[in-house]
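Structure record follows, encoded as structure tokens.
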Amino acid sequence: MIKYTEIISKSKIFDNIKKEDIPDMLNCLSATEKRYKKGEYILRRGDIINSVYMVAEGKIHILKEDYWGNQSILGEAGEGELFGEAYACMGNVPVQVNAAAVKDSVIIRLDINKVLTVCPSACEFHSRLIRNLISVIAERNLNLTNKLECMSQRTTRDKILSYLSMESQKNKSSKFDIPFNRQQLADFLSVDRSALSKEMCKMRDEGIFKFNKNHFELL
């Protein structure tokens with residue numbers, strides 16, 4: 001786990017905590033790591049969890065699946081980012097989503113009880129850790145609100161424009177990369193892939209934006 005100290009130190013849950021203190025904190029939080037192959041599930045709907053999950057290597061998608069197996073992407077987590085924190089904090093509430101590795105990944109688990117309870121040694125940074133976790137949960141709620149705004153648009157074109165506008169603002173540039181391929185973007189926006197591709201090509205020909213794979217430039 002020591003090899004991931006640099007990535008862990010950049011995670012928002014360890015914000016304003018010195019890098020040299022992280023190994024001791026991981027020990028305090030009963031941190032464990034596990035490798036997952038591309039396509040393998042880390043969490044499945046119905047699981048009861050008592051850990052916060054952090055991506056140390058790779059990337060995961062948070063997926064929602066309906067009764068008929070139709071799947072949509074609710075979000076993603078890259079290196080240093082957390083997932084599962086809301087369900088871990090709620091205790092015995094079953095997970096309502098799936099989490100799957102987009103590529104070979106290493107996941108670190110942090111015991112939520114150790115995160116939320118100040119340890120007997122009253123380590124200096126534990127209060128900071130709790131505040132950071134609250135900040136992460138608040139940011140996750142904001143991201144879900146933004147996704148809802150995209151999905152609430154009436155047409156495929158409006159959904160695409162809403163999403164690209166948010167990504168441009170997030171990157172503070174008219175040129176940016178998005179974290180999805182075409183099928184993943186279609187799943188994220190809950191639209192048909194062929195309809196998405198057709199509409200994107202129309203908007204490119206109309207001079208609204210340029211794109212090459214997952215790189216976009218708004219015009």
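So, in region 49-60, of the ones that are open to solvent by 40 Å² or more (accessible area, probe 1.4 Å) and either part of a strand (DSSP E or B) or out of contact with any helix residue (DSSP H, G or I) (no Cβ under 8 Å at 6 or more places or on another chain) (or both), which residue ends up farthest from ALA100 (Cα to Cα)?
Selected residue: GLU57.
I'd like to check something: does region 130-152 contain any residue that is open to solvent by less than 80 Å² (accessible area, probe 1.4 Å), over 30 Å from LYS38 (Cα atoms) and either touching a Phe, Trp or Tyr at 6+ places or on another chain (Cβ under 9 Å) or in contact (Cβ under 8 Å) with a residue 60 or more places away in the chain (or both)?
no
Does region 34-46 contain any residue that is part of a strand (DSSP E or B), open to solvent by 50 Å² or more (accessible area, probe 1.4 Å) and closer than 24 Å to ASN181 by Cα?
Yes, region 34-46 has at least one match.
Among (1) open to solvent by 50 Å² or more (accessible area, probe 1.4 Å); (2) closer than 15 Å to ILE137 by Cα; (3) free of Cβ contacts under 8 Å to residues at least 60 places away in the same chain, there is one condition GLN96 misses while meeting the rest; what is its number?
Here GLN96 clears every test but (2).
Working only within region 1-33, note down all residues that are open to solvent by less than 50 Å² (accessible area, probe 1.4 Å) and among the hydrophobic types (A, V, I, L, M, F, W, C).
Hits for region 1-33 are ILE7, ILE8, ILE13, PHE14, ILE17, ILE22, MET25, LEU26, CYS28, LEU29, ALA31.
Residue by residue through region 180-197, note down the ones that are within 15 Å of LEU164 (Cα to Cα), surrounded by fewer than 17 Cβ atoms within 10 Å (Cβ to Cβ) and not hydroxyl-bearing (Ser, Thr, Tyr).
ASN181, ARG182 - these are the residues of region 180-197 that are within 15 Å of LEU164 (Cα to Cα), surrounded by fewer than 17 Cβ atoms within 10 Å (Cβ to Cβ) and not hydroxyl-bearing (Ser, Thr, Tyr).
Hey, can you tell me all the residues within region 198-208 that are open to solvent by less than 80 Å² (accessible area, probe 1.4 Å) and out of contact with any helix residue (DSSP H, G or I) (no Cβ under 6 Å at 6 or more places or on another chain)?
Scanning region 198-208 gives MET200, CYS201, MET203, GLY207, ILE208.
What tally of residues in region 61-112 results from selecting those that are touching a strand residue (DSSP E or B) at 6+ places or on another chain (Cβ under 6 Å), of a type in the set (S, T, N, Q) and either under 23 Å from MET25 (Cα atoms) or assigned to a loop (DSSP other than H, G, I, E, B) (or both)?
The qualifying residues number 1.
The values are calculated or read from the model by the stated rules, or taken from the named source; none is laboratory data. Keep in mind it's a predicted model, so treat the numbers as computed, not measured. Please note: Cβ atoms are built from the backbone with ideal geometry, for glycine as well, and neighbour counts cover all protein chains shown. Side chains are part of the model used for accessible areas, which takes the heavy atoms of the whole protein and leaves out ligands, DNA and RNA. Shrake-Rupley method; radii C 1.70, N 1.55, O 1.52, S 1.80 Å.
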